[in-house]
1. Contact list please: Cβ distance under 8 Å, first residue in region B:44-55 and over 13 Å from B:His87 (Cβ atoms) and touching a residue at least 40 places away in the same chain (Cβ under 8 Å), second residue open to solvent by 70 Å² or more (accessible area, probe 1.4 Å) and outside any helix (DSSP H, G or I), pairs at least six apart or on different chains.
2. Which of the residues that make up region A:141-159 are open to solvent by less than 60 Å² (accessible area, probe 1.4 Å) and within 8 Å of another protein chain (Cβ to nearest Cβ)?
3. Tally time: how many residues in region B:22-34 are at the interface with chain A (Cβ under 7 Å from one of its Cβ atoms), part of a loop (DSSP other than H, G, I, E, B) and surrounded by fewer than 18 Cβ atoms within 10 Å (Cβ to Cβ)?
4. Here are B:Met263, B:Met259: which of them is open to solvent by 30 Å² or more (accessible area, probe 1.4 Å), modelled with pLDDT of 85 or more, under 24 Å from B:Ala187 (Cα atoms) and aliphatic (A, V, I, L, M)?
5. Quick one: A:Phe168 ticks every box in (1) of a type in the set (A, V, I, L, M, F, W, C); (2) at pLDDT 80 or above; (3) touching a helix residue (DSSP H, G or I) at 6+ places or on another chain (Cβ under 6 Å) except a single one, so which number is it?
6. Conditions: (1) part of a helix (DSSP H, G or I); (2) crowded, with 20+ Cβ neighbours inside 10 Å; (3) within 11 Å of chain A (Cβ to nearest Cβ). B:Phe3 meets all but one. Number of the miss?
7. For region B:1-44, name all the residues that are among the charged types (D, E, K, R) and more than 43 Å from the chain's Cα centre (by Cα).
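The values are calculated or read from the model by the stated rules, or taken from the named source; none is laboratory data. Just so it is clear, the structure is predicted and the values come from calculations on it, not from any experiment. Don't worry about glycine lacking a Cβ; one is built from the backbone with ideal geometry, like all the others, and counts go over all protein chains shown. We work out accessible area using only protein heavy atoms, side chains counted, and drop any ligands, DNA or RNA first. Shrake-Rupley method; radii C 1.70, N 1.55, O 1.52, S 1.80 Å.
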Amino acid sequence: MTARSPAEVEATDVAERLAEAYRCHGAAVARTIAAYTGEPSMVEDLLNETFIRAVERIEDFEDRSTLETWLHGIALNVARAHVAKRTRRRRIDAALPPGPGATAAVDEDVGAREAVRVLYRALDALSEPLREAFVLCVLEARTLQDASRRSGVAVSTLHARRQRAEAFVRARLEGDR
Amino acid sequence: MGFDYAKALESARRQHAKLAPNAVNVDAWVARSTRRRHIALLRQIIAALLALLVLGVWLVSSLGHPTSVATCQWVTGPAVLRYGVVHVVGFCVGAAFVQRRSTWARMIVAAAWWSSLLAATVGVWTQPGALPVLMPTMAFASAAGLLMLPAEAYEDGSGDFPLRVHRRAIVVMLTLAIADVETLASAAVNHDEPGMLGYALLDGVAAAVMLVGVIGLYRLRGWGLLLTLTANVCVAGAAWSGVLVYDPGFAALLTVTAMLQMMLGVPLLRTLWRGDVPLRRERGAVPWVGRLVIIACVLASVSGVVRFSDPATLAAACAAH
């Protein structure tokens, strides 16, 4: 076995700390990523990316927020970047297979799957701040105060964004087909 | 007929609730993180080498003037020292900041190298005998530096610039504006003919006004946006009307960057006016456009060098100056 350099030892310590955070908050962060992207098959990769970024940026973590909130912030950034990349890819390559929901279990109700697919199509059309407000406040059913803490957006602004996003998504879902 | 909103939400929530992430893999995190650190270190080393190359060529061009027969007769030693100084300093500052994660540092790196690349490419064609070695070197080094910058450099940063609505548009606008500041500062230093002090001062004032606009825009102030846009219109107008004296190539360069900033700034003004975030997702920039421009600049520089390697063509260009 080769000896580790001090930098590697330090990195491992940080990772161990985050591994503990993963055990406590990993599932919640994964659900947030899934809710934001609507792609359960990508959650594992994006979750790993979230924690790798956390390893790199642990020195930026300040006690102004809890570790969980900080991790959620990184996860939202990762999910946001993924959705932006996916949107660009879809514009370029219209022949991509259908998006969110397509990889769900086969025995799942087809109508429900289709509804989720349409829901995420509507979310893809929304601007990022409105999408985030919808995911945090509606899909994850967080309180405005909790969502505000996680997103760093004022409660009143978040409330207004949630209402606009909800009206848009509802209209898309109910008016579709 | 559509879908039931509440049922769609419920289905989505059910789907997410089933998620159970796998067991943690600390070694994989550390390995990936270490690999990224190594790539970042390699990027820093390449940036330092490029800066050394540019600095070395500039010093050799200045101290050993004239370094080649490709230099026009009218170019003096002190002029060579002055012509490249702003871009050389800008390039080195960019190389020093290349490891920083903050958005402002990333913008400065990109702006310094874009300014050098564009100015060198234009200079190779419009002032072929002025800095025959430095300009192609600068174009190559800036292009190499820009191509090695990570594509996601502007995405989130270290939280110093937390803006998300229109983030990309504002960051690109700021980068172009900082590049313009460098180009204008360089133009101010380059005016060396007798009686050109007034023009040099005007360039300096334009660069200073643009810089104040950049600071305001970075702090997300409405006046910053307005000042940046106004300064761009004024600089482009003054360049074409002769109030500011540039070669047509540089006037065109400043006009193009001004127009790009106007195109990016108009939706921002609309958002400011309405006071609300847009409902729909904005169309993202196509990531390969920047790379395409970089490659086009390198090709243009190479073709310029080839064209003016012919002594007769070069002599005609020198005489026309």
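1. Partner pairs satisfying both residue conditions: B:Gln44/B:Gln99.
2. Within region A:141-159, the subset open to solvent by less than 60 Å² (accessible area, probe 1.4 Å) is A:142, A:144, A:146-148, A:150-151, A:153-155, A:157-158.
Hits for region A:141-159: nothing passes.
3. Residues in region B:22-34 being at the interface with chain A (Cβ under 7 Å from one of its Cβ atoms), part of a loop (DSSP other than H, G, I, E, B) and surrounded by fewer than 18 Cβ atoms within 10 Å (Cβ to Cβ): 1 in total.
4. Result: B:Met259 is the single residue among B:Met263, B:Met259 that is open to solvent by 30 Å² or more (accessible area, probe 1.4 Å), modelled with pLDDT of 85 or more, under 24 Å from B:Ala187 (Cα atoms) and aliphatic (A, V, I, L, M).
5. Condition not satisfied by A:Phe168: (3).
6. All conditions pass for B:Phe3, except number (1).
7. Taking region B:1-44 as the starting set, the residues that turn out to be among the charged types (D, E, K, R) are B:4, B:7, B:10, B:13-14, B:18, B:27, B:32, B:35-37, B:43.
Residues satisfying the conditions are B:Asp4, B:Lys7, B:Glu10, B:Arg13, B:Arg14, B:Lys18.
Okay, residues lined up against (1) surrounded by 13 or more Cβ atoms within 10 Å (Cβ to Cβ); (2) more than 14 Å from chain A (Cβ to nearest Cβ):
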{"site": "B:Ala8", "(1), (2)": "yes, no"}
{"site": "B:Arg36", "(1), (2)": "yes, no"}
{"site": "B:Ile39", "(1), (2)": "no, no"}
{"site": "B:Gln44", "(1), (2)": "yes, yes"}
{"site": "B:Val54", "(1), (2)": "yes, yes"}
{"site": "B:Ser61", "(1), (2)": "yes, yes"}
{"site": "B:Gly64", "(1), (2)": "no, yes"}
{"site": "B:Tyr83", "(1), (2)": "yes, yes"}
{"site": "B:His87", "(1), (2)": "yes, yes"}
